[in-house]
Amino acid sequence: MTQFTTFIKKEFYHVLRDRKTLLILFGMPVVQILIFGFALTNEVKNSKIVIADEAKDEVSTAIIRKIEASRYFEIEKAVANRQQIETVFKEGKVKVALLFPANFSKDLLHQNKAQVQILADATDPNHATALTNYLSSILQDYQSELNENQAIPYRIVPETRMLYNPQLKGAHNFVPGVMALVLMLVCVMMTAISIVKEKETGTMEVLLVSPFKPVLVILSKAIPYLILSLVNVGSILLLSVFVLDLPINGSLPLLLAESTLFIITCLTLGIFISIKTASQQTAMLISLMGMLLPTMLFSGFMFPIENMPIPLQVISNIIPAKWYYLIVKDIMIKGLGFEAIWKETLILVGITLFLFAISLKSFKIRLA
Amino acid sequence: MENHKNGRGEEVSIRADKLTKQYGDFIAANAISFEVYKGEIFGFLGANGAGKTTAMRMLCGLSTPSSGSATIAGFDVYKETEEIKKNIGYMSQKFSLYEDLTILENIRFYGGIYGLSRGELREKSAALIARLGLQGEANKLVASLPLGWKQKLAFSVAVLHQPRIVFLDEPTGGVDPVTRRQFWDLIYQAADQGVTIFVTTHYMDEAEYCNRISIMVDGSIAALDTPHRLKQQFGVASMDEVFYQLAREAKRADG
């Protein structure tokens, strides 16, 4: 056991002394999250809006003026009703619309409460969310101005409808995607490289001649990367909760457990690559081309699997990241429990065991 | 160990008997037989591809022989590889230290995986650093050491756990003859303390430092004796010529 800890300590020295790699290791997830989170949710400025004012009264006119004055919106045109809104949407230039019902101010004055409808073209969910949020806050502003000298407050209730993509699919899907991507990269590539490096420098031979068990050599290589990867999972989750406002709807321990499982899958994959390759360059190329690319293409994170041709859909099933991506999405976004993901979990376990078995076998062949 | 003695009462450290390794049709090591005695410096020579590395890997327990038998420190290469590993040290041509670890960390790591206790490690690493005169350097990265020092350190690390036999695979590649001579002083010190040295080399000046040498040609041992007697036998003045006479008969391509 002390031999084992000696070995793990040494692995940490390697990792912690290689500043450049360390920077990539911990910087990458942060950068990816920020890029995906912000670069893709472009700030909304002068967005075109259509307004259907069926009320045409004092209050609706005041609100329209307020929208016009804001730097976020530019009124494209005024239309008469809901049908016309959809026609405009289909032209594709306008992404959001506001609809005042006919008896808007009457409701507001007599019942102290009136509804407006916000319609958004949600094919780009991030954009749609941003637009509806801005619009709601303008309404909110107007409402509080209205209520300044008012005993019984008026309430303007916006009813938001996301057209074409009601569940906002794809909105925050990138967080589970980035998690799968980062773990794949860190675990597969880093483990593969660190083991192959020992082969290249000749230290592996010395280790194999020592009484230290070969299997333990491999295991103690994997443990530091397991820990580092968990740190990465932590930092991604913190960023998504506190910077992107994407809460973890399901159970955190379950999410961490599933992540650990996926990390182990990736580590096994990295070990397998390292056994089969002889140089760091080859190991890196195989990890990048052979692992990262399929992960991006087939995990469903960038391209929806259900739109792919059948043969590609079949191939996607052997990509571990696909299953992890589904699991994380279910836990984080849909807030589901283990009963919803046990099948995916089982598949991941299966892939891991399979990889572990063939790694062990080829490792033994190499030794003989 | 008492039952591992030869006729002259010398203790046998390594005994190989018709040791063979075959890969498909290719016989990398063909029925090699020899004995190495305790405290002896045994040189293992041969052109590239002659089968030195294959033979050495079998003796270290890194690969299983196809046929023949061998004992290392009295342990069988088929059944007792774990015991063999505890009793041997190994240094490869790449001197196998971690460049991004300090001298002290390297010593502690290698001592650690051989199961030395904390106390032993502290004591031995201090003694080793003092012997090599590296007191000021102990916390510097190995990468900053000159090649000659790295090799001396690698050798000292290979014998840290007091093995009975040390295998050195072309340990002095790339250093000048003076540094090589200094390196050999360390080898002599170890041999004087009863450690058996098994060394492969390309350098004929190094061959002269060995007690006995064997020369492998095409997977077989073509000659085995003291450097002095080999020179007599071939009627030449230097080991270079002995080697050349044997090696030019080789049929295997240099590789």
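List of remarks:
- Elements of type helices (runs of 4 or more DSSP H) in the range B:203-255, at least 1 residues being in contact with a helix residue (DSSP H, G or I) (Cβ under 7 Å, 6 or more places away or on another chain) and under 21 Å from B:Asn30 (Cα atoms): B:239-247
- Positions within the range A:349-367 being of a type outside the set (Phe, Trp, Tyr) and open to solvent by 70 Å² or more (accessible area, probe 1.4 Å), in sequence order: A:Leu353, A:Lys361, A:Lys364, A:Ile365, A:Arg366
- Within the range B:9-26, being open to solvent by 60 Å² or more (accessible area, probe 1.4 Å) and either hydroxyl-bearing (Ser, Thr, Tyr) or in a strand (DSSP E or B) (or both) holds for B:Arg15, B:Asp17, B:Lys18, B:Gln22, B:Tyr23, B:Phe26.
- Residues of the range B:191-202 satisfying the condition of being closer than 26 Å to B:Ala29 by Cβ and outside any loop (DSSP other than H, G, I, E, B): B:Ala191, B:Thr196, B:Ile197, B:Phe198, B:Val199, B:Thr200, B:Thr201
- Restricting attention to the range B:68-92 and to residues that are more than 13 Å from chain A (Cβ to nearest Cβ) and surrounded by fewer than 17 Cβ atoms within 10 Å (Cβ to Cβ), the residue that is farthest from B:Pro171 (Cα to Cα) turns out to be B:Lys79.
- Given (1) over 22 Å from A:Val15 (Cβ atoms); (2) not in a helix (DSSP H, G or I), index of the condition A:Ala257 fails: (2)
- Remark: B:Ala47 matches the filter, which requires a residue to be within 22 Å of B:Tyr203 (Cα to Cα) and surrounded by 18 or more Cβ atoms within 10 Å (Cβ to Cβ).
- Pairing residues of the range A:1-13 that are over 17 Å from A:Pro214 (Cβ atoms) with residues that are open to solvent by less than 50 Å² (accessible area, probe 1.4 Å), at Cβ distances under 6 Å and at least 6 apart in sequence or on separate chains, gives A:Phe12/A:Pro224; A:Tyr13/B:Leu101.
- Subset tally (residues that are over 19 Å from B:Lys18 (Cβ atoms) and open to solvent by 20 Å² or more (accessible area, probe 1.4 Å)) for the range B:54-67: 0
- Candidates A:Val182, A:Val175 - the one that is among the β-branched types (Val, Ile, Thr), in a helix (DSSP H, G or I) and crowded, with 23+ Cβ neighbours inside 10 Å: A:Val175
- Residue match in the range B:138-148 (condition: outside any strand (DSSP E or B), within 12 Å of another protein chain (Cβ to nearest Cβ) and not hydrophobic (A, V, I, L, M, F, W, C)): no
- Of all residues in the range A:302-356, those being of a type in the set (A, V, I, L, M) and either farther than 26 Å from A:Gly270 by Cβ or free of Cβ contacts under 8 Å to residues at least 24 places away in the same chain (or both) number 11.
- Here A:Asp245 meets the list (1) part of a loop (DSSP other than H, G, I, E, B); (2) under 29 Å from A:Val15 (Cβ atoms); (3) among the acidic types (Asp, Glu) almost entirely, failing just condition (2).
- Tally, over the range B:96-116, of residues that are within 8 Å of another protein chain (Cβ to nearest Cβ) and in a loop (DSSP other than H, G, I, E, B): 8
- Residue within the range B:186-201 that is farther than 19 Å from B:Glu40 by Cβ and open to solvent by 10 Å² or more (accessible area, probe 1.4 Å) present: no
- Checking B:Glu123 against (1) touching a residue at least 40 places away in the same chain (Cβ under 8 Å); (2) more than 11 Å from chain A (Cβ to nearest Cβ), the condition it does not meet: (1)
- Entry remark, the range B:34-54: residues being basic (Lys, Arg) and either at positive phi or within 14 Å of chain A (Cβ to nearest Cβ) (or both) number 0 in total.
- Residues in the range B:55-67 that are out of contact with any helix residue (DSSP H, G or I) (no Cβ under 8 Å at 6 or more places or on another chain) and in contact (Cβ under 8 Å) with a residue 60 or more places away in the chain were compared, and the one that is farthest from the other protein chains (Cβ to nearest Cβ) is B:Ala55.
- Check on A:Leu237, modelled with pLDDT under 85, in a helix (DSSP H, G or I) and either buried (at least 18 other Cβ atoms within 10 Å of the Cβ) or among the aromatic types (Phe, Trp, Tyr) (or both): no
- The range A:292-348, subset charged (D, E, K, R) and within 20 Å of A:Gly234 (Cα to Cα), residue surrounded by the most Cβ atoms within 10 Å (Cβ to Cβ): A:Asp330
The values are calculated or read from the model by the stated rules, or taken from the named source; none is laboratory data. Predicted, not measured: the structure shown is a model, and the values here were computed from it. In this analysis, Cβ positions are derived from the backbone assuming ideal geometry, glycine residues included, and neighbour counts consider all displayed protein chains. When the accessible area is computed, the model is the full protein with side chains, heavy atoms only, and any ligands, DNA or RNA have been set aside. Shrake-Rupley method; radii C 1.70, N 1.55, O 1.52, S 1.80 Å.
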